[in-house]
1. Suppose we filter A:Ser87, A:Ser105 for residues that are hydroxyl-bearing (Ser, Thr, Tyr), over 25 Å from A:Asp230 (Cβ atoms) and within 14 Å of chain B (Cβ to nearest Cβ); which single one remains?
2. Could you check how many residues of segment B:226-261 are at the interface with chain A (Cβ under 9 Å from one of its Cβ atoms) and not in a helix (DSSP H, G or I)?
3. I need the full set of residues from segment B:344-391 which are open to solvent by 10 Å² or more (accessible area, probe 1.4 Å), closer than 13 Å to B:Leu320 by Cα and without any contact (Cβ under 8 Å) to a residue 40 or more places away in the chain, in order please.
4. Taking the criterion of being in contact with a Pro (Cβ under 8 Å, 6 or more places away or on another chain) and of a type outside the set (Val, Ile, Thr), would at least one residue in segment B:100-114 satisfy it?
5. Somewhere in segment A:67-74, is a residue at pLDDT 95 or above, crowded, with 17+ Cβ neighbours inside 10 Å and touching a strand residue (DSSP E or B) at 6+ places or on another chain (Cβ under 7 Å)?
6. Inspect all residues belonging to segment B:273-290 and state whether any of them is more than 7 Å from every other protein chain (Cβ to nearest Cβ) and under 16 Å from B:Leu370 (Cα atoms).
7. Within segment A:241-257, can you find the residues that are buried (at least 18 other Cβ atoms within 10 Å of the Cβ) and assigned to a helix (DSSP H, G or I)?
8. Just one of (1) more than 10 Å from chain B (Cβ to nearest Cβ); (2) in contact with a strand residue (DSSP E or B) (Cβ under 9 Å, 6 or more places away or on another chain) trips up A:Pro226, so point out which.
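The values are calculated or read from the model by the stated rules, or taken from the named source; none is laboratory data. The structure presented is a predicted model; accordingly, all values stated were derived computationally and were not measured. Reconstructed Cβ throughout: ideal geometry from the backbone, glycine too, with neighbour counts over all protein chains shown. SASA here: full protein model, heavy atoms, side chains in, ligands and nucleic acids out. Shrake-Rupley method; radii C 1.70, N 1.55, O 1.52, S 1.80 Å.
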Amino acid sequence: MTDTTHKTEGRPCIFTRACGVTPFLTALAIAVLGYTFVFAGDAKAAGGGIEYKNVEWTFDGPFGTFDRSQLKRGYKVYQEVCSACHSMDLVSFRNLSQPGGPEFSEAEVKVIAAEFEIVDPVEFDEAGDPIERPALPRDRFPAPFPNDNAARASNGGALPPDFSVLAKARPNGVNYIYSLLTGYEDAPAGLEMNEGMSYNAYFEGHQIGMAPPLSDEIVEYEDGTPMTLDQYAKDVVAFMYWAAEPKMEERKQIGFQVILYLLVLAGLLYFVTRKLWADQH
Amino acid sequence: MSGDHTYQPSNAFTRWLDERLPIMGIVDHMMDYPTPKNINYWWTFGGILSFCLASQIVTGVILAMHYTPHVSMAFNSIEHIMRDVNYGHLIRYAHANGASMFFIAVYIHMFRGLYYGSYKAPREVLWILGVVIFLLMMAAGFMGYVLPWGQMSFWGATVITNLFSAIPYVGDAIRELLWGGFSVDNPTLNRFFSLHYLIPFIIAGVVILHIWALHVPGNNNPLGINVKDKQDTVPFHPYMTAKDGFALVLFLILFSYFVFFNPNAMGHPDNYIRANALVTPAHIVPEWYYLPFYAILRAVPDKLGGVIAMFGAIAVLFILPWLDRSAVRSARFRPLYRQFFFIFLACCLGLGYLGAMPAEGIYVIASRILTIYYFAHFLVILPVLGMIEKPKPLPESISKAVLDAHGGSASANAAAAPEKR
């Protein structure tokens, strides 16, 4: 230990200390930029170079949250349109009332679930036969097809992907799915379309097995929101992103607290370190 | 452990303990361990790496409580963690991003060693143990990425395990052993899970050796000259603990940004698609931290040659202490080596970029040029520099250099800084 007593004048080390921190911060900056660079290049390569439409989502950015009524509308679009072909195996009815989601009331969720007749996934009755009963909040969303082959057979050989994590399973997923849903066009003259395929500006190869799923006025909104294709697409994509990241709001909120704490701690440690080292030069 | 530390038990209990297990002496040595007073913030990554290992083990043990290593259940069990386990999403994101942060830190740590010549005598064993840890980290990271059983998990595992079949005579047998069968399947997932849980504890063991090998010669420092006397050093605690603590918190802010606000930025979207042996992804890319080595693998047109080059790129690090013949450690006093260090850094970053690009056209040609340069740096440039380079004069001692630099760079009152001790 040092026994410094003759510290006579101010602190001569500010500049030196700053020099010490700079490379560290530079390293962090290089790391972050490096990542973004590699990741952006990667995403572009995977997207086939097509620019997606860019929507301003309420859940973007560090403070973004979900719009409850948008999620409720999105659920309606999913249930009335998409769920005819697309499963959502990982989502349960009870999730609809959890904080950070559409936040239906528990009573509403019971009603929503009871509309579905399901075969109990675990229990059998006393005779050993499967139990058919109305769905309960604890049950998963029922799938439209019993298995992949059945799904393909009903969809001209194409397999409608499960929606549970789909918004995370494509590069720039939310903008991609929105672009796809609003990207149906007439095929350019001279392009030979395959049987049963539709032209989509954003689908890789442009020939998609899914017929245009949405159109104006197809789903009844009761809250006065415009019943347009564009609005339906935004609402269902928001719902899909919530389904893929149901804990997003909790995560961001804790993150805000953690980073605030770390910033204060870093400030304190900076001054502790500076004071401690002041006599070492 | 070396050093002149003398531990005196201060009470009856520690006296009793010291006669039976002198562990307090080691703790005491750790606290008093003399560190060169001039080491800069690049030296804080050792402590940061210890934190990363501990964090990976803690989060990993918790994840293992909820994860199911079975091909039909693994993907859903990860989503169970994300959806139904209390704070499971944070634990999983901390573990997945923690792997990336671990590699950021280890690469900075290694390049710091390269720049300041920390691998040279008497620290060759310290460096070699570090390369062993790096290899183990790569194995652990690879196997961990397979566990979610998404598309990149499955196809990454397929590509990497197939590499071993290039080994003459025993290649196929090794590959079958890795697979536990004749393709990547449930036995593969099970053994990877088992090994993924094991390797971190082996790493922890080698880290103890690494720290032991550090404490015998002591830290290198930015000047690369030996510590001469007590004036050149400060005790580890509180000086380094405070400084390392500050650096760690800065690092944690970056870590937190990824975990809380951009948790999937460093993962591949395809890994949210269940593994499917019948659908091959358009581009199979490994995790970012393997990209330079992946680029080297693909640069060589021959399969066995590519595998040899890829492992050779790490193997060459083992003999680095004997390839660099210069007696001067720090690049500060090696004007030529300093230039080549930065070219080499750019070469590695370039290889990383190329590893993420498709293996076609100009990318392959660029990969070949950079691969040749990578090996030339170690096998040609370093030995030649050792012979022809004229190093700058070295300072007399660390404490003198610190005082000189101080007087030169700061304001006038710096000159009044009194001699300490």
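1. Unique residue meeting the criteria: A:Ser87.
2. Number satisfying all stated conditions: 2.
3. B:Ala376, B:Val380
4. Within segment B:100-114 (the criterion being in contact with a Pro (Cβ under 8 Å, 6 or more places away or on another chain) and of a type outside the set (Val, Ile, Thr)), the answer is no, since none of the residues qualifies.
5. No, segment A:67-74 contains no residue that is at pLDDT 95 or above, crowded, with 17+ Cβ neighbours inside 10 Å and touching a strand residue (DSSP E or B) at 6+ places or on another chain (Cβ under 7 Å).
6. yes
7. A:Tyr241, A:Trp242, A:Ala243, A:Ala244, A:Met248, A:Arg251, A:Lys252, A:Gly255
8. Against the list (1) more than 10 Å from chain B (Cβ to nearest Cβ); (2) in contact with a strand residue (DSSP E or B) (Cβ under 9 Å, 6 or more places away or on another chain), A:Pro226 comes up short only on (2).
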